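A short worksheet on the structure shown next.
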Amino acid sequence: MLRLAAKPPASPILATGKALSVEVTAARIQPMPVLLKSVGQVVSQHTVQIRPQVSGMLKQVFFQEGQSVFKGQRLFQIEPEPFEAALASARAASENAKANADRLETIEKKGYVTQQDSRNSRALADQALGAYRQAQINLSYTDLRAPIAGRTGIVTVKSGNIVSPGDAAQLVAINEMQPISVQFSIPQQFLARVRQYQARPGISVSVADDKGAGELDEGVLVFIDNAVNTNSGTVTLKAQMPNGREQLWPGQYVNVSMQLTVEPRAVVVPQTAIQTGQSGNYVFIVEQGKAEERNVVVDRQIGDLAVLSAGLAGNEQVIAKVPRDLQAGMKVTPVVGVSLPAELTLPKS
């Protein structure tokens, strides 16, 4: 004999008709940013590797590794004495060659030497002058200075060692820190929207650490790559950050939030109010003392707020904290007092 399945027992509260107390808040209409989020990496806008351009003994290091340096600051000195001696010798040779060329030009006019001899002498004088100028340049290479302002890395060679242009490693690297860039990618379907708002003065970009401990810095979008990565279907972007407190470090991974615009009249509810069913997202609202389901479309989440693109018009009484046994049609007693968190108001633009 076939047996009919027993009907599931009704909720005790529904069966008794007793009203269930629920915490409610009004769906709020307020300006809300349109954000794109990504993970990015901090990159220096300008990195310089300091390498020797002449061979010699590294005589002195004038800074501490890891120290910030200014443009033009003295960093290293290669023993200058051999280059000073070479310069003195080149100067003397250049002066002698010039004097001899001048003398031959004078006597060539009197017919004592040929014109070719005079020209050869002048060519030797020019060659000696070139050697003198090269000696000056070589001596200047013994004094290594910072070409940019930034922070130094590890000093790979200590004083007393011999260095040469052929060395594989640089003496030190300098990374520009202020300003600094953050590089990140977005899916290609958002490219048109980003370009649409790029024409306006500065798309705001903020960054936080990878643990979400708070905002580290805020800057503007400065670069969109000229091609889509065919492997990932993403586009590379860069934002420039002032990095005044040097909280951003080259190579560091950060959470990126790019604000494209502000939606002036967005309908927002607490994220805790959003329920998921077979037909999609919904919320419970209170109508005539009963809980009723209302299908909604969640456009985006910002903090603990859900921004809705459809389903509510605003000011509806939304059940913010949904009890486990709540069902549509159940009598409820609204407990007003739950409000949207103050820290989830509009981020600065």
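Can you find a residue in the stretch 117-140 that is aliphatic (A, V, I, L, M), assigned to a loop (DSSP other than H, G, I, E, B) and more than 19 Å from Gly72 (Cβ to Cβ)? The answer is no; no qualifying residue exists.
Hey, can you tell me all the residues within the stretch 92-114 that are of a type in the set (D, E, K, R) and either within 12 Å of Gln127 (Cα to Cα) or not assigned by TED's automatic domain parsing to the domain that holds Tyr132 (or both)? If the condition is that a residue be of a type in the set (D, E, K, R) and either within 12 Å of Gln127 (Cα to Cα) or not assigned by TED's automatic domain parsing to the domain that holds Tyr132 (or both), then Glu95, Lys98 are the ones that fit. Condition check for Gln60 on (1) part of a strand (DSSP E or B); (2) touching a Lys or Arg at 6+ places or on another chain (Cβ under 8 Å): one failure, at (2).
For the stretch 227-242, taking the residues that are β-branched (Val, Ile, Thr) and touching a residue at least 40 places away in the same chain (Cβ under 8 Å), the one that is surrounded by the fewest Cβ atoms within 10 Å (Cβ to Cβ) is identified as Val228.
Which residues, taken from the stretch 157-205, are assigned to a loop (DSSP other than H, G, I, E, B) and closer than 18 Å to Val235 by Cβ? Even if it seems obvious, please write down each step before you answer.
In the first step, residues of the stretch 157-205 are kept if they are assigned to a loop (DSSP other than H, G, I, E, B); the result is 157-161, 164-171, 176-179, 199-203.
Within the stretch 157-205, Ala199, Ile203 meet the criteria.
Every residue, every condition in (1) surrounded by fewer than 16 Cβ atoms within 10 Å (Cβ to Cβ); (2) not assigned by TED's automatic domain parsing to the domain that holds Gln183; (3) not charged (D, E, K, R), yes or no:
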residue: Leu221; (1), (2), (3): no, no, yes
residue: Gln252; (1), (2), (3): no, no, yes
residue: Asn255; (1), (2), (3): no, no, yes
residue: Val269; (1), (2), (3): no, yes, yes
residue: Thr276; (1), (2), (3): yes, yes, yes
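Within the stretch 319-335, if we keep just the residues that are surrounded by 13 or more Cβ atoms within 10 Å (Cβ to Cβ) and among the basic types (Lys, Arg), the residue that is nearest to Gln275 (Cα to Cα) turns out to be Lys321.
Scanning the stretch 276-296 for residues that are part of a strand (DSSP E or B) and under 15 Å from Val22 (Cα atoms) yields Val283, Phe284, Ile285, Val286, Glu287, Lys290, Ala291, Glu292, Glu293.
Just give me the residues in the stretch 27-40 being small (Gly, Ala, Ser) and in contact with a Gly (Cβ under 8 Å, 6 or more places away or on another chain), in sequence order. Break it down stepwise before answering.
Looking only at the stretch 27-40, we keep the residues that are small (Gly, Ala, Ser), and these are 27, 38, 40.
Ala27 - this is the single residue of the stretch 27-40 that is small (Gly, Ala, Ser) and in contact with a Gly (Cβ under 8 Å, 6 or more places away or on another chain).
If the condition is being of a type in the set (Asp, Glu) and either touching a Leu at 6+ places or on another chain (Cβ under 6 Å) or touching a residue at least 40 places away in the same chain (Cβ under 8 Å) (or both), then the stretch 63-88 contributes Glu65, Glu79, Glu84. Suppose the filter is in contact (Cβ under 8 Å) with a residue 60 or more places away in the chain and either surrounded by fewer than 16 Cβ atoms within 10 Å (Cβ to Cβ) or of a type in the set (Ser, Thr, Tyr) (or both); does Pro179 pass it? Here the answer is no, as Pro179 does not meet what is asked. Note on the stretch 14-47: residues that are farther than 30 Å from Ile285 by Cα and crowded, with 17+ Cβ neighbours inside 10 Å amount to 5.
Tell me the residue from Gln301, Gln259 that is farther than 28 Å from Gln67 by Cβ and either buried (at least 17 other Cβ atoms within 10 Å of the Cβ) or modelled with pLDDT of 90 or more (or both), please.
Values: Gln301 fails: either buried (at least 17 other Cβ atoms within 10 Å of the Cβ) or modelled with pLDDT of 90 or more (or both).
On inspection, the qualifying residue turns out to be Gln259.
Does Lys238 satisfy being modelled with pLDDT of 95 or more, closer than 30 Å to Ile174 by Cα and of a type in the set (Lys, Arg)? Judged against the criteria, Lys238 is a match.
As a summary of the residue check, Asp299 satisfies the conditions (1) assigned by TED's automatic domain parsing to the domain that holds Ser181; (2) touching a Ser or Thr at 6+ places or on another chain (Cβ under 9 Å); (3) in a strand (DSSP E or B) except for the one numbered (1). Only residues that are of a type in the set (Gly, Ala, Ser) and over 15 Å from Phe190 (Cα atoms) were counted in the stretch 207-233, giving 5.
When Val307, Val283, Val297 are checked against the criterion of being farther than 30 Å from Val194 by Cβ and of a type in the set (A, V, I, L, M, F, W, C), Val283 stands alone in meeting it.
State all residues of the stretch 277-335 that are charged (D, E, K, R) and either more than 11 Å from Val24 (Cα to Cα) or without any contact (Cβ under 8 Å) to a residue 40 or more places away in the chain (or both); if no residue qualifies, say none. Residues satisfying the conditions are Glu287, Lys290, Glu292, Glu293, Arg294, Asp299, Arg300, Asp304, Arg324, Asp325, Lys331.
Residues that are more than 27 Å from the chain's Cα centre (by Cα), assigned to a loop (DSSP other than H, G, I, E, B) and closer than 30 Å to Ile302 by Cα within the stretch 27-57 comprise just one, Ala27.
The values are calculated or read from the model by the stated rules, or taken from the named source; none is laboratory data. Given the structure is predicted, the values throughout are model-derived calculations rather than measurements. FYI the Cβ positions are ideal-geometry reconstructions off the backbone, even for glycines, and counts take in every protein chain you see.
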